[in-house]
Amino acid sequence: MSTIRVGSAPDSWGVWFPDDPQQTPYARFLDEVAASGYEWIELGPFGYLPTDPQLLSDELASRGLKLSAGTVFEHLHQDDAWDAVWTQIEDVARLTAAVGGRHVVVIPEMWRDPSTGAVLEDRNLTVEQWRRKTRGMNDLGKAMFERYGLRAQYHPHADSHVDTEENVYRFLDGTDGEFVNLCLDTGHISYCGGDNIAIIRRAPERIGYLHLKQVDPEVRDKVEAQDLPFGEAVKLGAMTEPPLGIPDMPPLLAEVEKLGIDVFAIVEQDMYPCAVDAPLPIARRTRKYLGSCGIPSVTFS
């Protein structure tokens with residue numbers, strides 16, 4: 001039997017940056033994620049939660065919380081990117097491992113600015129850039145596991161080079177499942193027109209981590225028609241609380257349950273920016289909904 005360990009993340013409290021006056025202060029985030037009934041969380045952007053391992057451990061323990069993963073961004077397809085990416089990885093991996101986390105979620109940097117829509121580079125990679133990205137991720141995943149005992153879970157993302165279902169398969173085909181697997185973000189896959197269940201069925205051995213979110217299909221259609229940047233889509237409410245969007249959660253969770261794996265499923269509802277009083281009620285409703293989906297392997301501990 002699978003165990004699907006559901007938690008939440010700073011993203012569901014509107015946190016995108018280490019420090020931003022619009023965001024919920026970290027102590028309030030920790031208080032509220034515990035009050036909503038979750039036990040597992042992610043680091044979020046490095047520097048949002050305390051970076052001192054002892055302080056972070058104390059803050060988590062005092063609220064009955066545990067850490068599942070850290071998060072970093074990569075641009076390994078670019079020339080001479082390794083040192084810059086690895087520096088970030090080491091900071092996050094060292095802290096994650098020190099407080100008991102098991103994974104690092106690795107996200108591709110976006111090809112256009114999420115707020116302004118400014119194009120930063122071509123939206124399509126060359127064959128050589130794909131090779132650098134996949135080879136670099138293999139090296140990164142191997143080094144992260146050997147030095148810190150953490151698993152690299154790669155997170156396809158809207159407005160990045162690993163976005164569509166086709167590009168997810170291309171990435172998986174170019175990487176080694178011994179050291180690099182997939183953080184299946186259900187919202188980003190649906191946002192980019194992909195089929196989450198098809199990915200699970202095609203690459204069941206590569207499902208290493210989950211981010212649970214839903215997309216408002218009407219907003220997605222508007223984004224596609226107007227080619228809007230991701231940040232603008234989020235402000236329009238592209239990522240909505242379940243069960244108001246797609247994909248449908250019960251069949252997706254049932255498909256994961258068939259895999260017979262122990263996997264984290266972290267609720268991530270992109271909400272930046274949001275009013276500080278908005279996240280807690282949504283988090284409570286979402287937890288209640290996920291618990292009502294009728295999937296025996298879903299647990300919150």
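The values are calculated or read from the model by the stated rules, or taken from the named source; none is laboratory data. Bear in mind that the values here come from a model prediction, so they are computed numbers and not experimental data. A quick note on method: Cβ atoms are made from the backbone with ideal geometry, for glycine too, and the neighbour counts reach across all protein chains shown. The protein model used for the area step is the full one, side chains on, heavy atoms only, and it has no ligands, DNA or RNA in it. Shrake-Rupley method; radii C 1.70, N 1.55, O 1.52, S 1.80 Å.
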Point to revise | Within the stretch 130-148, considering residues that are touching a helix residue (DSSP H, G or I) at 6+ places or on another chain (Cβ under 6 Å) and over 17 Å from LEU172 (Cβ atoms), the one least open to solvent (accessible area, probe 1.4 Å) | key: MET144
Practice item. Pairs only if they're at least six apart or on different chains, beta carbon under 8 angstrom, first in the stretch 274-297 and of a type in the set (Lys, Arg), second in a loop (DSSP other than H, G, I, E, B); list them, first residue then second. Key: ARG284/SER36; ARG284/GLY37; ARG285/GLU241; ARG287/SER36; ARG287/GLY37; ARG287/TYR38; ARG287/PHE300
Revision key, fill the gap. Counting only residues in the stretch 197-244 that are assigned to a loop (DSSP other than H, G, I, E, B) and of a type in the set (A, V, I, L, M, F, W, C), the one surrounded by the fewest Cβ atoms within 10 Å (Cβ to Cβ) is identified as LEU244
Practice item. State which residue pairs qualify: first residue at positive phi and inside the stretch 243-268, second residue among the hydroxyl-bearing types (Ser, Thr, Tyr) and open to solvent by 30 Å² or more (accessible area, probe 1.4 Å) in any location, beta carbons under 8 Å apart, and separation of 6 or more residues or different chains. Key: none
Exercise for review: Answer yes or no as to whether VAL105 is modelled with pLDDT of 95 or more and assigned to a strand (DSSP E or B).
Suggested key: yes
Check your understanding: Among the residues of the stretch 155-171, is any closer than 22 Å to VAL99 by Cβ and modelled with pLDDT of 95 or more?
Key -> yes
Review point. Which members of the stretch 21-35 meet the condition of being touching a residue at least 24 places away in the same chain (Cβ under 8 Å) and open to solvent by 10 Å² or more (accessible area, probe 1.4 Å)?
Key: GLN22, GLN23, TYR26, ALA27, ARG28, ASP31, GLU32, ALA34, ALA35
Check your understanding: Before we move on, is ARG94 open to solvent by 10 Å² or more (accessible area, probe 1.4 Å) and part of a helix (DSSP H, G or I)?
Key -> yes
Practice item. Check whether at least one residue in the stretch 150-163 is in contact (Cβ under 8 Å) with a residue 40 or more places away in the chain, surrounded by 15 or more Cβ atoms within 10 Å (Cβ to Cβ), of a type in the set (S, T, N, Q) and under 30 Å from GLN54 (Cβ atoms), and report yes or no. Key: yes
Exercise for review: Any residue in the stretch 194-218 that's without any contact (Cβ under 8 Å) to a residue 40 or more places away in the chain: show its pairings with residues that are polar (S, T, N, Q) and part of a helix (DSSP H, G or I) at Cβ separation under 7 Å, as long as the two are six or more apart or on different chains.
Suggested key: VAL215/SER190
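Go through LEU253, LEU210 for me and flag whichever is under 16 Å from HIS188 (Cβ atoms) and within 18 Å of the chain's Cα centre (by Cα). Write out each step before concluding.
Details: LEU253 fails: under 16 Å from HIS188 (Cβ atoms).
None of the other options fit; the residue is LEU210.
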Review point. Any idea how many residues of the stretch 97-129 are at positive phi and either open to solvent by less than 40 Å² (accessible area, probe 1.4 Å) or touching a Pro at 6+ places or on another chain (Cβ under 8 Å) (or both)?
Key: 1
Check your understanding: Restricting attention to the stretch 22-38, does a residue exist that is more than 19 Å from the chain's Cα centre (by Cα), modelled with pLDDT under 95 and on the phi < 0 side of the Ramachandran plot?
Key -> yes
Practice item. Could you tell me whether any residue of the stretch 72-90 is under 17 Å from GLY7 (Cα atoms) and buried (at least 21 other Cβ atoms within 10 Å of the Cβ)? Key: no
Exercise for review: Identify, by number, the condition in (1) β-branched (Val, Ile, Thr); (2) over 21 Å from ILE197 (Cα atoms); (3) outside any helix (DSSP H, G or I) that VAL162 doesn't meet.
Suggested key: (2)
Exercise for review: Hey, can you tell me all the residues within the stretch 260-301 that are in a loop (DSSP other than H, G, I, E, B), more than 20 Å from GLU42 (Cβ to Cβ) and open to solvent by 50 Å² or more (accessible area, probe 1.4 Å)?
Suggested key: ALA275, ASP277, SER292, GLY294, PRO296
